[in-house]
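In what follows, a structure is listed as structure tokens, so that the remarks can point back to it.
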Amino acid sequence: MQTGYAGGNLLNLFSHLQTDLSGFDFSHLAIRQAYLANAILHNTNFTNVNISETVFAETFGGVLSVAFSPDGQYLATGDTKGEIQIWDTGTRKQLVRCRGHQHWTWAVTFSPDGRYLASAADDYLVKLWDVETGQCLHTYKGHTYSVNAVAFSPEGNILTSCGQAMGKKQPCFEKETTDICHR
């Protein structure tokens, strides 16, 4: 495979001009010293590319869970790093990153009014987040193993979670959210 700066220089020029690179085909190029941290690369083809000394946008773990807000304005993702990202579906930009889980985040769900997000993870915890700020409002404890599912009641006043238990039946927990969500 060829090496050189032409591919990297081309991408740097596109990035400097703030060109949306979605759908471009850069397959089989040698890309060296490209700075793509702010580039939009949705559906960009990098098949068989020799990439070296190149910076991409910040990485995140493998996505395990996704949920749309009730109005469709936001998309939340939970990943293998225990992080949750909340994205604007119109601009496709990340709005907030919620950090607090120590292990895989198996489930995320929005409250019916879209103001809160609940998450369930391998760290035996359920967390309640403020969608606008990414702040953890409350951590629910009580599971003895991985928590795999979380859901709000239709009114949004009850949060239910279920998980695994090594060889035992794990109960579902229900927590009243009224005090936290309606301050």
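The values are calculated or read from the model by the stated rules, or taken from the named source; none is laboratory data. Note that the coordinates shown come from a computational prediction; the quantities given were computed from them, not determined experimentally. Heads up, the Cβs are rebuilt from the backbone with ideal geometry, glycines too, and the neighbour counts pull from every protein chain shown. SASA here: full protein model, heavy atoms, side chains in, ligands and nucleic acids out. Shrake-Rupley method; radii C 1.70, N 1.55, O 1.52, S 1.80 Å.
I'm trying to understand the selection: among the residues of segment 115-141, which are touching a Leu at 6+ places or on another chain (Cβ under 9 Å) and either aromatic (Phe, Trp, Tyr) or without any contact (Cβ under 8 Å) to a residue 40 or more places away in the chain (or both)?
Across segment 115-141, the qualifying residues are Tyr116, Lys127, Trp129, Asp130, Glu132, Cys136, Thr139, Tyr140, Lys141.
Inspect all residues belonging to segment 37-48 and state whether any of them is modelled with pLDDT under 80, over 26 Å from the mean Cα position of the chain (by Cα) and not charged (D, E, K, R).
yes
Can you give me the number of residues within segment 75-87 that are open to solvent by 30 Å² or more (accessible area, probe 1.4 Å) and in a strand (DSSP E or B)?
Matching residues across segment 75-87 total 2.
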